[in-house]
1. GLY434's amide H: which non-local residues (gap 5+, or another chain) put their own amide H closer than 5 Å, with H modeled 1.01 Å from N in plane and none for Pro or chain starts?
2. Which of the three applies to segment 1-147, rounded, prolate or oblate, going by the alpha-carbon gyration tensor with a ≥ b ≥ c and a/c under 1.5 meaning rounded?
3. Take ILE524, ILE296 and order them by how many other Cβ atoms sit within 10 Å, fewest up front.
4. Just the Cα atoms of segment 100-232: what Rg and Dmax do they give in Å?
5. Assuming R0 = 22 Å, what is the FRET efficiency of ARG257 and ARG20, from their Cβ-Cβ distance, to the nearest 0.05?
6. Within 10 Å of each residue's Cβ, count the other Cβ atoms and sort ILE385, ILE150, ILE472 from fewest upward.
7. Post the alpha-carbon centroid distance, segment 216-288 to segment 69-116, in whole angstrom.
8. Which lysines, if any, have their Cα less than 17 Å from the Cα of LYS397, not counting same-chain residues under 8 positions apart?
Amino acid sequence: AKTHHRNFVVQQTPENRLCRIHNILTVNGQYPGPTLQVRNGDALVVKVLNSGRYNVTIHWHGIRQMRTPWADGPEYVTQCPIQPGASYTYRFPIENQEGTFWWHAHSRFLRATIHGALIVLPKLGSPYPFPKPKHEIPVILGEWWNRDVISVQRLAIFTGGAPNVSDAYTINGQPGDLYRCSSTGTTRFPVQSGDTILLRVINAALNQQLFFKVANHRLTVVEADAAYTKPFTTSTIMLGPGQTTNVLLTADQTPGRYYIAARAYASAQNAPFDNTTTTAILEYQSARRGVPSRPILPQLPAFNDTATVTAFSAQLKSLGKVEVPTKIDENLFFTIGLGFVNCAPGPRCQGPNNTRFAASMNNVSFVLPRRASLLQAYYQNIPGIFTTDFPPVPPIKFNYTGTVSRALWQPRFGTKLYKLKFGSTVQIVLQDTGIFSTEDHPIHLHGYHFFVVGQGFGNFNRRRDTPSFNLIDPPVRNTIDVPVGGWAVIRFVADNPGVWLFHCHIDTHLAWGLGMSFLVENGIGKSQSVSPPPADLPPC
Ligand code: C2O
């Protein structure tokens, strides 16, 4: 096992996109940021120096951080942010995890441009559970704004209105040649005829689920969210923000140029979205030189093609033997809702009809503390930062996916945690609601991965739906895209003490309060307890 030392400098960087130069925040001047590649069992030590002008933190998405919650990164949850001019070193081992992870800023909307791949290879000498690919390529899908992302966020957070949608999607930082002024930068993936390559696809977009497809080529899915899956072949995959999917692609077509493309899957009714298409080019090296032919464009599903999404996610199954908890200690039921709160007319009240947007789980709209992080408050017994009365079930039962009375649209604000005993087995029913609009939500749990034992449409019905749970080979994920107007059920064992954020990975929804946190108590002894905080933990 090796310890890898890296330096990340968060800095302003000029980038030319969509016909003009923008100053964006990057890590080390790179967009997307540097790829970290380590092996299962290694440790990472990343010193982050903030040379930008906003507070920032970095999160290692999907890494469990067993007993090292201080390195997890979400601002005001496990640490106070790194202020301009300051630095913080994230130190953590990677234990019994491998696959495609990623890292990203976890401060306001800065994730838009501060992100990169984190690849964990198997231990030296242990093979993949599939034939070794010739090459491996991270494929990072993103969103690009012509405006400064903090001003995009201010629109949603300061004014209480809906934010602008993105101006382009990107593949490895480039919109591709279907956008203006973008053809020279278009990302190219060279292949030799007959080669099989592994694409490590990451949806780093702030706010948009994306379809992904390669013209004329089939994709064999072998991993999702850094957990191996039973291989299956498909033409299209869909990823919610936060999710990763590894696919094998064999260059078995007529030598030539083929577009790799991504476009929105947008399930909310009447909500505006960026309806453009980003492309990269798969280039056969054996294709004739000379004037390159126009690449073939794949036919992507329609923006509202939920049937394709459902068929895709139904095929995801764990590869190996898994142990799904069957005796459940904590039976939780969380509603997911977008709503409004009333406000006094003015600049901070730009939502529809004198309201501000708000979002909630079980009617609680999550508010981050400011004086200390939740983890510090717990570890150092600082009173008045949070309460532990997050409701385990919705305070009111209603027809969740039907027409919801407006009286139920207003959430309550709070910094409420839910306490879990070390080692308890947890089931959470995640129920989308028709508050404002049904919509699929990518819900991410920090510090854990979980089994997705079931999902479906309409209102979850315990008696009807429990018998159909998959307890044999359910997929293991860290982010579940809860179906639009439907539900998903996850299970995990609370074996990692600390404070762990559980939230929608659509950043607008998170900023509106679509999240909560679990407080997992220490078990017995050092091996089941939160390690002490590092000396350089940033102050608030
Ligand atoms: Cu990918 Cu809360 O994070």
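1. Here THR401, GLY402 satisfy the definition.
2. Details: a/c = 2.28, a/b = 1.33, b/c = 1.71.
Taking the square roots of the gyration eigenvalues as a ≥ b ≥ c, segment 1-147 is oblate.
3. Details: ILE524 9, ILE296 15.
By the 10 Å Cβ count, ascending, the order reads ILE524, ILE296.
4. Looking at segment 100-232, its Cα Rg and Dmax stand at 17.3, 55 Å.
5. Values: r = 28 Å, r/R0 = 1.26.
Efficiency for this residue pair is about 0.20.
6. Values: ILE385 19, ILE150 16, ILE472 11.
Ascending number of Cβ neighbours within 10 Å: ILE472, ILE150, ILE385.
7. Cα centroid of segment 216-288 versus Cα centroid of segment 69-116: 27 Å apart.
8. none
Rule-based calculations on the coordinates, nothing more; no lab input. Please read these numbers as outputs of a predicted model, since none were measured by experiment. Quick reminder, even Gly has a Cβ in these numbers, built from the backbone with ideal geometry, and neighbours come from all protein chains shown.
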